[in-house]
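Taken together, the values in this text are just the output of simple stated rules run on the coordinates, not laboratory data. Since the structure is predicted, the reported quantities are computational estimates derived from the model, not experimental observations. Note that we place each Cβ from the backbone using ideal geometry, even for glycine, and neighbour counts take in every protein chain shown.
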Amino acid sequence: MAHSPPPKIWYLPNYRDALRAHMLFLHKLGNAKTESNYHAYYQTLIKDGTANGAISNAYLTSSDVPFKTKCIIRKYRTGTLYNQKHAILFKLSTSQTCPLCPQLDIALHILSGCQHTQIRNMITERHNIACRMILKAIRKTGSLGSCIVSMDIGSNERMTMQNLQIPKTAESRIVPKWLFPPRFPDKDRFTSSRPDIVLVTPTSAETRKQQITAGGWVLRSGRGQLRETGSTPAAPPATSRATNPRQHQRKDLSKPRHDIHLVEIKYCEDTGPQNQLNAAKEQHKVLCNILRGASVTLHIILLGVGGTFYNTHTLE
C-alpha cells in the first residue's frame, strides 16, 4: 500500500481564538455566538451571583451523567433542543402545538411542562427523587432528622427504592392537626396546600429574642405572616433533645414554643427562577397564615431543569 502523505502542520499562536478561527475556516466549527440571548442570560446569572457556575457545569465532567443527557442539557442551554418551532423552520410541521398535549411546544415545556399522562408522571417522579435526596441530606445533619412531621414526596415503595425509611413522626402526607388552631375544620385541613417536607423545631434564640422585643408570642414577621429565608435556623443537637423525654413527641411542645419550617422544592427555568419562586410563595401563603407556632418559615429550594444551581435558592 502506498504511504499517505504526512498531515500538514499548522502553526497556532494560541489554543483559543486561533484554534477557533482555524476550525471555522476548514470545518465551519467553533464559532460560537457569544452575543446571543442564550449566552447573555447564563452569563448574567453568573456575573450577578445568582447561579454557581462551577456546580452548574459539573455535569460535563461527571461520570454519573450519561452522554445523551449531557447532549440534551447542552441543546437546552443553547436553544437547539428540537421542538415544534424548529419543525416549522425545517418545513416538517405547520403548528407550534405540542404533539402530545394542547400547549405551546418549547424547550421548557419538553423538560418540565408537558401534560401528557406518562410524561407528567415522569416529571413528578423527577421532583420526588430530588425531594428524597434533599430529605436524606436533612436527616444526615443529625439535629433535624427527628423534627420531620410530614412529607409529600412519593409513595413508600419509591422511598424504599432510594433506601430511605419514613420517620415514625412523618407517616402522614397531610400537615398534622396539632399545628392548626383549635377546632380548625378537618375538611379545610385536608384540602390545604401540602409542602414537600414539614419540620417542627424548638424555638430558636432568634425567635425568642424577637418575641421578647415584641412583648409576646408572635410570628417573626407578625402573627400569621410569612417569613422567607434561605437557611434553616440552627437547632439544638440531637443528643440534647433526646435527653428530654417530653420532646420525643413534637405535639407535647407548647404551641407557641416551636418553630415551623415548610420546605417546598420546585424545578424552574434555568434563566427565570423568579416565576417558580413566586408560585411557591402563593401556593403556601394561606397555609402560612393559618399554622400556629412561634414562627412559620417557608424554605423554597429551586432546581434548574437544565442543571443550574442557584446560590441563594438552592445551595444556601
Quiz prompt | Equivalent ellipsoid semi-axes, segment 78-201, via Cα gyration tensor eigenvalues times 5, rooted, Å | solution = 39, 19, 11
Quiz prompt | Rounded if a/c under 1.5, otherwise prolate or oblate - segment 8-153, Cα gyration tensor axes | solution = oblate
Exercise. Could you please report the charge total around ARG189, scoring K, R as +1 and D, E as -1 over all other residues with beta-carbon less than 13 angstrom from its beta-carbon?
Key: +4
